[in-house]
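Comments concern the structure below.
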Amino acid sequence: MEASRRRTTVVIRELVKNLEAQYVKGLKEWEKVINETHQCVVRFIQTVVRTGYVVTPCGLSRRVTVSEILSRSK
């Protein structure tokens, strides 16, 4: 999904040749944010895998599994 969003910003810039500079800048900034978010998610997933699929966020008194987190986000 992240890759498709990155491509969307490129497609918009390519299709709209006379796009105002502020929008071109905004799309490039959005693409950067998407890339950074994607990297953060990749690092999180790698950490979860290394810790045996268990996440213990600060402040929680019990261990939380990834499936619990994912089920809450739906």
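Of 43, 5, 62, all but one fail to be basic (Lys, Arg), within 15 Å of the chain's Cα centre (by Cα) and either modelled with pLDDT of 85 or more or part of a loop (DSSP other than H, G, I, E, B) (or both); the exception is 43.
Cβ separations smaller than 8 Å between residues 6+ apart or across chains give the following pairs from segment 29-41 residues that are closer than 16 Å to residue 7 by Cβ to residues that are at pLDDT 85 or above: 30/9; 31/9; 31/10; 34/9.
The values are calculated or read from the model by the stated rules, or taken from the named source; none is laboratory data. Here the structure is a predicted model, which is why all the values come from computation and not from measurement. Note that we place each Cβ from the backbone using ideal geometry, even for glycine, and neighbour counts take in every protein chain shown.
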